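Rule-based calculations on the coordinates, nothing more; no lab input. This structure is a prediction, so every number in the text was calculated from the model and none was measured.
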Amino acid sequence: MPAELTGTYVTLDDGRPAVRFSRVYGHPIDRVWHFVTDPDELAEWFPSRAEFDLRPGGAVKFTGDPNMPESQGTVLAVDPPRNLAFDWGGDEIRFDLAPEGEDRTRFTLTHVLGEENTAARNSAGWEVCLSALDAKARGERLQGPHAGVTASWKEYYQGYLDAGLPAGAPVPGADG
């Protein structure tokens, strides 16, 4: 059975390519904000541990990704507890949170792509990461985004290829 794809390939108003994912979590906005800004919480689902200086122009330190070296980014915009945007390896990541009722929050992740041919690869990776966040929001615990070769990443990747998302970028950590 093919993997269920939750991402959408979009072209932003300024012409940049992006992939976007949206979820609704049964938590108030302040709790979901904690999921996306607390380094220990983020490390449970995001590809890297990220430590933020939460102010525009503040530094972001990325560590712990087995497929990428430690790196630095920059906070591009922040409006707690609703919006966070930061630079990550030449791409832009945006978290947008909006309350949906008393104890529900719409979470939207937009990954603005530095290179269009990373769309299928990055979408597949986000599916795995967001599965870990979904489990976290339900009070479950997964092994995090780097669940090894048993992760369903390849099924998602094939699904995004079949859906026609731009592809061709190298896959970090893949053989050949």
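Here are the numbers for the structure shown:
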{"read-out": "From phi via Karplus (6.51, -1.76, 1.60), per-residue ³J(HN,Hα) for the stretch 59-75 in Hz, x at Gly/Pro", "value": "7, 10, 10, 9, 9, x, 7, x, 9, 9, x, 4, 8, 10, x, 9, 5"}
{"read-out": "Projected area, mean over directions - the chain, Cα convex hull, nm²", "value": "10.2 nm²"}
